[in-house]
Amino acid sequence: MKKNLTPLFIALLCIVFSAQGQENLSSKPAESNAIDVIKIYENVLADGYESAQIYQKLAQVNFVRENYNDAKKWFEKWFELDENPNPVAYYHYSKTLEYLNETEKAKEFLELFQKLSKK
């Protein structure tokens, strides 16, 4: 008795493409959320509110998204309000400066990161 495998093959293809589509959908909200976070925090700042935490979030999101000019601006504002940020912030700021070809200043913050990380 010969079985017709066409329906089984079509069902398997549907399952594979369905799973792949769900995987693609799950990665897009995180990306769009990052954009929304930036807009939300910038709107909060435009309304006159400021805090080290807002600048921290903006610096981190822009650093991760490789918006180094914006990241630099927000790191500097963050450091003005927070005298003791996490040492990793100095490392990320150093990398930001490095990407912007500000190598001397980048070295200073890398050394600061290394010094604070040893504690």
Sparse-neighbourhood loop hits (chymotrypsin sites (Phe, Trp or Tyr not before Pro), the range 73-115; DSSP loop; Cβ within 10 Å at most 16 others) -> none
For Lys115 and Leu100, calculate 0.36 nm times their separation in residues minus their Cα-Cα distance, and state this gained length in nm to one decimal.
-> 3.1 nm
Computed lengthening from Asn86 to Asp47, 0.36 nm per intervening residue step minus Cα-Cα distance | 11.3 nm
Run down the aspartates and glutamates and flag those whose C-alpha is under 12 Å from the C-alpha of Lys115, throwing out any fewer than 8 positions away in its chain.
-> none
Averaging sequence separations of C-alpha pairs under 8 Å and six or more residues apart, then dividing by the length of the range 43-108, give the relative contact order as a whole percent.
-> 28 percent
At a 1.4 Å probe, what is the % contribution of carbon and sulfur to the accessible area of the range 45-103?
-> 40 percent
From most to least accessible, 1.4 Å probe, no ligand or DNA/RNA atoms counted, Asp47, Asp82 line up as Asp47, Asp82
Cα gyration tensor shape of the range 29-105, rounded if a/c is under 1.5, else prolate or oblate by comparing a/b with b/c | oblate
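The values are calculated or read from the model by the stated rules, or taken from the named source; none is laboratory data. Everything numeric here is computed off the predicted structure, so don't read it as measured data. Heads up, the Cβs are rebuilt from the backbone with ideal geometry, glycines too, and the neighbour counts pull from every protein chain shown. All accessible areas refer to the heavy atoms of the entire protein, side chains included, with ligands and DNA or RNA removed. Shrake-Rupley method; radii C 1.70, N 1.55, O 1.52, S 1.80 Å.
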